[in-house]
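Single-structure report; data block below.
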Amino acid sequence: MREATADALPLLEATVPGNHAQQLANAAAGRRSFLAAWCGEEPVGTVVLRWTGVLVEGHGAVPEIGSLEVVPARRGEGIGSLLVAAAEQRVRERGAAAAAIVVAEDNRDARRLYERLGYRDTGALRSLDGGTGLLLLRVLRG
Ligand SMILES: CC(C)(COP(=O)(O)OP(=O)(O)OC[C@H]1O[C@@H](n2cnc3c(N)ncnc32)[C@H](O)[C@@H]1OP(=O)(O)O)[C@@H](O)C(=O)NCCC(=O)NCCS
């Protein structure tokens, strides 16, 4: 699990769905962290941390974990869970007390995964690429 870099861009673009050039540009500007999971020389998944965050009632702006993607052939092996854990570790390192995720209501696989990882539905809705999503929150320290 490591920060994605420009030299990895062609390989990422060829294997993992997503607008990786845009994510890298945002990461270079410090607005985001862009992590990739590797199996040997092969990228198997990506996740993005948006440091500008999302507003959560009672918590202020909370760093947002998003754009989680695992290549279809490697789903169900725990890679998605590891990517979320790596993102949470960076949130802790920056001293933030919670992480948020916005998930499409109909994305049952992802919702089940986030629930298992300790994310709870706040009952609020937030905009999501192409629609509206449920705002989930995990408190990382009290
Ligand atoms: C959501 C996603 C990132 C999960 O990645 P993953 O590496 O499969 O995650 P894990 O292996 O850690 O856990 C997967 C969960 O899905 C289940 N699963 C098993 N096989 C699966 C498969 N082939 N496809 C999807 N989910 C599967 C697992 O059982 C597990 O849920 P459970 O433990 O509660 O039963 C991945 O399915 C994906 O890339 N989906 C498309 C993009 C997406 O929806 N991203 C989320 C946006 S908010």
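The values are calculated or read from the model by the stated rules, or taken from the named source; none is laboratory data. Owing to the predicted nature of the structure, the values given are computational and were not obtained by experimental measurement. FYI the Cβ positions are ideal-geometry reconstructions off the backbone, even for glycines, and counts take in every protein chain you see. Accessible surface areas use protein heavy atoms only, side chains included; no ligands, DNA or RNA. Shrake-Rupley method; radii C 1.70, N 1.55, O 1.52, S 1.80 Å.
What to note about this one:
- Cα centroid separation - the stretch 69-85 against the stretch 98-116, whole Å: 14 Å
- With a Förster radius of 22 Å applied to the beta-carbon distance between Arg2 and Thr52, the computed FRET efficiency rounds to 0.45.
- Between Leu9 and Asp121, the contour length at 0.36 nm per residue exceeds the Cα-Cα span by 36.9 nm.
- Compactness of the chain was expressed as the Cα radius of gyration divided by 2.2 N^0.38 Å, which yields 1.00.
- Solvent-accessible surface (1.4 angstrom probe) belonging to Leu68, in square angstrom, nearest 10: 40 Å²
- Nearest-0.05 FRET efficiency for Ala25 and Ala61, computed from C-beta distance (R0 30 Å): 0.90
- Mean sequence separation of contacting Cα pairs (under 8 Å, at least six apart), scaled by the length of the chain, corresponds to a relative contact order of 17 percent.
- DSSP H segments from the chain that extend 20 Å or more along their own axis, Cα-based, with Kyte-Doolittle mean of 0.0 or above: 79-93
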